[in-house]
Amino acid sequence: MLIWLIAEDEADILNLMSTMCMVWGHTPLTFETGQKVWDWLDKIEAGQAQLQMPDFVLMDIRMPGKKGNDVANRMRQISAFQHLPIALMTANSLSPSEQSALMERDGVDYIIAKPLPGFDELRQTIDEIIRKKIASKPS
């Protein structure tokens, strides 16, 4: 069982992803905005957060407050998040060069296009993101 941090400002998608996470046997840690994740990171860095750390991060790119890629970039500056698999979701059409730049600059492992793929395909995609990141983690 993994803990998934899910940040999404659209309630329907947040609820769907949270439900899917639980159906797949994992525990969701949900946030409605990028700013709320940012504030949570402030608490982690200050040693005030007593929550378990996530094993996987899935965030929307465009959210009120802080964008998902900005939050991902900050996460990569925190040692506990450096080797965590991070995927972003977007309804915007990004060119391959825009995707590469986002991934390289902000430490994102994968970008999932909205509308989200079907249940099975989404699960395979997320499992593969996690598997690849674990395999690349330095010993």
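The values are calculated or read from the model by the stated rules, or taken from the named source; none is laboratory data. Model, not experiment: these values are computed from the prediction. Backbone-built Cβ (ideal geometry, glycine too); neighbour counts: all protein chains shown.
Taking residues in the stretch 116-139 that are within 18 Å of Met20 (Cβ to Cβ), and partners anywhere that are polar (S, T, N, Q) and not in a loop (DSSP other than H, G, I, E, B), the pairs with Cβ atoms closer than 8 Å and at least 6 places apart or on different chains are Pro117/Thr125.
For the stretch 97-139, residues that are more than 14 Å from the chain's Cα centre (by Cα), closer than 20 Å to Gln77 by Cα and small (Gly, Ala, Ser) total 4. Looking across the stretch 77-93, the residues that are assigned to a loop (DSSP other than H, G, I, E, B) and surrounded by 21 or more Cβ atoms within 10 Å (Cβ to Cβ) come down to Leu84, Pro85.
Listed by first and then second residue, the pairs linking a residue in the stretch 9-29 that is exposed (fewer than 14 other Cβ atoms within 10 Å of the Cβ) to a residue that is outside any helix (DSSP H, G or I) and hydrophobic (A, V, I, L, M, F, W, C), with Cβ atoms under 7 Å apart and 6 or more places separating them unless they lie on different chains, are Gly25/Met1.
Being under 12 Å from Ala7 (Cα atoms), surrounded by fewer than 16 Cβ atoms within 10 Å (Cβ to Cβ) and either among the charged types (D, E, K, R) or modelled with pLDDT under 95 (or both) narrows it down to one residue among Pro64, Pro115; which is it? None of the other options fit; the residue is Pro64.
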